[in-house]
Every structure is written in C-alpha cells, then in structure tokens.
1. Could you tell me whether S176 is among the polar types (S, T, N, Q) and more than 20 Å from L245 (Cα to Cα)?
2. Do we find that K152 is more than 25 Å from the chain's Cα centre (by Cα), among the basic types (K, R), loosely packed, with under 13 Cβ neighbours inside 10 Å and not in a strand (DSSP E or B) in this structure?
3. What about D96, is it charged (D, E, K, R) and crowded, with 22+ Cβ neighbours inside 10 Å?
4. In the set E247, E229, which member is surrounded by fewer than 23 Cβ atoms within 10 Å (Cβ to Cβ) and modelled with pLDDT of 95 or more?
5. Exactly one condition in (1) modelled with pLDDT of 95 or more; (2) within 30 Å of E229 (Cβ to Cβ); (3) touching a helix residue (DSSP H, G or I) at 6+ places or on another chain (Cβ under 8 Å) is not met by N127; state its number.
6. Filter segment 18-39 down to the residues that are over 21 Å from the mean Cα position of the chain (by Cα) and at pLDDT 75 or above, then identify the one that is nearest to M348 (Cα to Cα).
7. Of all the strands (runs of 3 or more DSSP E) wholly in segment 274-358, which have at least 2 residues that are at pLDDT 90 or above and within 21 Å of N171 (Cα to Cα)?
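The values are calculated or read from the model by the stated rules, or taken from the named source; none is laboratory data. All values derive from a computational prediction rather than experimental measurement. Cβ sites come from the backbone with ideal geometry, for glycine too, and all protein chains shown count toward neighbours.
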Amino acid sequence: MQENNYEFGLSCPIPINEYPNILLAHGGGGKLTHQLIEKLFLPAFKNEQLNSRHDGAVLEIGDMKLAFTTDSYVVKPLFFPGGDIGTLAVNGTVNDLAMCGARPLFLSIGLIIEEGFSIDALWRVVNSLKDSAAKANVKIVTGDTKVVDHGKGDGIFINSSGVGLIEHDLNISPLSIKPGDKIILNGDIGRHGIAIMASREGLTFESTIESDCAPLNGVVQKLLDAGIEPHCLRDLTRGGLATSLIEIAETSGLTINIEETEIPILEQVSGACEILGLDPLYVANEGRFVAIVPYSQAEKALKIIQAESPNRECRIIGEVRYPDKANGGFRGMVTLTTKIGSSRLIDMLSGEQLPRIC
C-alpha cells in the first residue's frame with residue numbers, strides 16, 4: 001500500500017512563519033478565517049459546489065435540487081438571554097439553508113459532551129433543540145453522541161447538518177448580484193454578540209439585551225412565494241454585517257455601498273459597544289440577514305420582510321455598484337457613507353471582537 005506523504009512546508013500558501021499554529025482568531029470569521037479557507041481548505045477540496053463560497057452547497061441529484069450545510073457550535077456561556085446552544089444549533093443550520101433559497105427539511109445533531117456535564121443541563125439543551133426544530137418546521141432525523149474526558153470539552157459542543165429542498169430555478173449566490181441591486185437588512189444588528197458578552201462577563205445594563213436568535217426560513221419562503229427573485233441572501237453571523245458584505249463583494253468583484261444612517265442599532269447595544277470599544281458593524285447576529293434584490297423589487301421585498309418582522313426596523317441600507325474609479329477601480333470593496341456624509345472603507349478584521357459567540 002502506497003503511503004501518502006503530504007508535506008505542509010514550502011509549497012503551503014499560508015505564511016507559516018507568521019502563523020505556525022492555529023489561533024482562536026482563525027475561527028473568528030475575520031481575515032485569518034478567510035485566509036485559512038482561501039489558502040488551505042479551498043485549494044485542497046476545490047470543486048464546483050465549494051467554489052461558490054455560499055452558506056451551503058447546492059447539489060443537483062436527478063430532478064431534485066438540494067441544499068446541504070453543516071456547522072459547529074461552541075458558544076460560551078451555553079445559556080444566555082434569548083437562547084442557548086440548542087437554539088443556535090438549529091436556527092444557525094436552518095438559516096444557512098434558507099440563505100441558499102432552500103426549504104429546510106431535515107437536520108442531524110452531533111453532541112460532544114464533557115465528562116461530568118449535568119444531566120439537567122443536557123435535558124435543557126435537548127428540549128431547546130426539540131422546540132427550535134418544531135418552530136422552524138424541520139425534523140431532527142439522525143445524530144451522534146460522544147463523551148470526552150473531563151476538562152477536554154468545555155461542557156458541550158454541537159455539530160448540526162441540514163438538508164433542504166430548492167423549489168425554484170434561481171441562482172441565489174454572491175456571483176449573481178448586479179450593479180443597481182438594493183440591500184435590505186431585516187432588523188437591528190449586534191444584539192447576539194452583546195448578549196453573549198454581557199452574560200459571559202456579568203455585565204448589567206438598564207434593560208437586558210437579548211440575542212436575536214431566530215429562524216429565517218419563514219421570511220425567505222414568503223419572499224420566494226411572492227415572486228421576489230433575490231440575487232443573494234446572507235445571514236450575518238460571525239463577523240457581523242461588515243464581514244458578510246465584504247465576502248459578498250470580494251466573491252462578486254463588485255462594490256457595495258451602505259448608509260450608516262440606515263443601519264438600525266438598539267440604543268443599549270450602541271452604548272455597550274461604545275463602553276467596550278466595539279464596532280457594531282462587526283458584532284455577530286443570529287437572526288439577521290441581508291437580501292440583495294433587483295432595484296425594481298426592492299420596495300415590495302421590504303414590505304414583505306417588514307410584515308414578517310413587525311417588531312424590527314427593516315431597512316434598505318445600501319446598493320451594489322460598479323467598482324469606483326475614484327478609488328482606483330478596486331474590485332470587491334465595501335464602503336460606508338457616514339452620518340456626516342464622508343466615505344469610509346470597511347475592511348475585514350484580523351480576528352474577532354468577541355470570541356466564542358456561536
């Protein structure tokens with residue numbers, strides 16, 4: 001039997017002299033995560049489905065078109081205002097399928113449990129998984145359980161994978177966006193990350209900040225049923241609004257401009273970010289998404305999203321443009337028009353502002 005010898009050395013595109021070992025920041029959704037994916041994983045596993053750089057893979061099997069996705073959850077603390085690791089595991093996977101334009105159907109759940117973990121806490125997580133699946137109208141149909149030594153698992157980790165059915169011929173992906181498209185945001189940003197931070201560090205505010213964790217498949221299905229043809233959908237998890245838009249712009253090669261005055265942020269979240277030295281544009285969300293839709297459908301799409309999210313400030317926050325010649329014609333840029341009318345370049349963070357938020 002021939003032995004495979006894969007040397008991680010001079011031919012590796014990652015600058016190992018700078019990062020010879022994995023850092024927490026490599027999992028934070030910022031530049032180091034991006035580098036890890038682009039320079040290591042994509043070259044190793046390169047294929048048509050993976051190269052779309054979407055929230056999930058779109059697969060054609062016979063006459064069916066399916067979406068498939070997987071994610072892992074290592075949040076700390078496990079329970080926080082507005083949710084817990086169980087709600088995150090279900091909603092995160094459901095939302096990734098929805099962002100592919102799929103109707104989520106089935107989930108698998110893998111539990112990695114640390115020795116000594118409380119059975120009562122496990123029962124709470126199991127019930128959260130059950131209730132969240134029922135709310136999102138999906139079934140948990142398979143799974144796995146492993147137990148690791150005490151001190152090796154931080155309580156419990158969850159991996160969830162999902163399959164959804166795509167019932168249309170639209171190509172919903174960053175490669176489909178066009179100049180003139182409008183960008184719709186379905187609500188205020190930054191709540192999930194700040195809720196986690198406050199719970200973890202024992203911070204108290206005038207009113208409790210709750211995570212926005214919620215399933216998004218319902219509102220996406222309403223858009224599709226109404227004849228809206230979204231060019232791209234993206235949920236704003238690790239790295240927040242800013243990182244998600246940068247990823248879309250870089251994949252498409254176009255420029256995205258957003259308006260600071262149109263981005264809703266709760267006063268408590270804004271105040272917490274100011275105190276903690278955080279930029280809410282990069283703070284994670286678990287129930288927020290952007291829909292990039294044709295200009296002619298933007299107002300109709302906005303009304304549908306508002307009807308499905310009556311307590312949220314849904315806004316058109318920007319648009320897709322050709323690369324700006326004034327900025328050297330660079331492709332894949334995201335710019336922010338500030339409250340005073342100046343223009344600010346939005347860049348990807350090296351790591352993450354808040355570790356372990358999902």
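1. Details: among the polar types (S, T, N, Q): yes; more than 20 Å from L245 (Cα to Cα): no.
Criteria not met by S176.
2. Values: more than 25 Å from the chain's Cα centre (by Cα): yes; among the basic types (K, R): yes; loosely packed, with under 13 Cβ neighbours inside 10 Å: yes; not in a strand (DSSP E or B): yes.
So K152 passes the test.
3. Details: charged (D, E, K, R): yes; crowded, with 22+ Cβ neighbours inside 10 Å: yes.
Judged against the criteria, D96 is a match.
4. Just a single option satisfies the conditions, and that option is E229.
5. Looking at each condition in turn, N127 falls short on (2).
6. Restricting attention to segment 18-39, the residues satisfying the condition of being over 21 Å from the mean Cα position of the chain (by Cα) are 18-22.
Okay, now just the ones that are also at pLDDT 75 or above, so 20-22.
Numbers: P20: 21, N21: 21, I22: 19 Å.
The residue in question is I22.
7. Details: elements: 289-293, 315-321, 334-337, 343-346.
Once the strands (runs of 3 or more DSSP E) in segment 274-358 are filtered for at least 2 residues that are at pLDDT 90 or above and within 21 Å of N171 (Cα to Cα), what remains is 289-293, 315-321.
Per-residue answers, yes or no, for (1) crowded, with 24+ Cβ neighbours inside 10 Å; (2) outside the structural domain of F80 (by TED's automatic domain parsing); (3) out of contact with any strand residue (DSSP E or B) (no Cβ under 7 Å at 6 or more places or on another chain):
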| site | (1), (2), (3) |
| --- | --- |
| L185 | yes, yes, no |
| H192 | yes, yes, yes |
| G202 | no, yes, yes |
| G253 | no, yes, yes |
| E259 | no, yes, no |
| I265 | no, yes, yes |
| C273 | no, yes, yes |
| D279 | no, yes, yes |
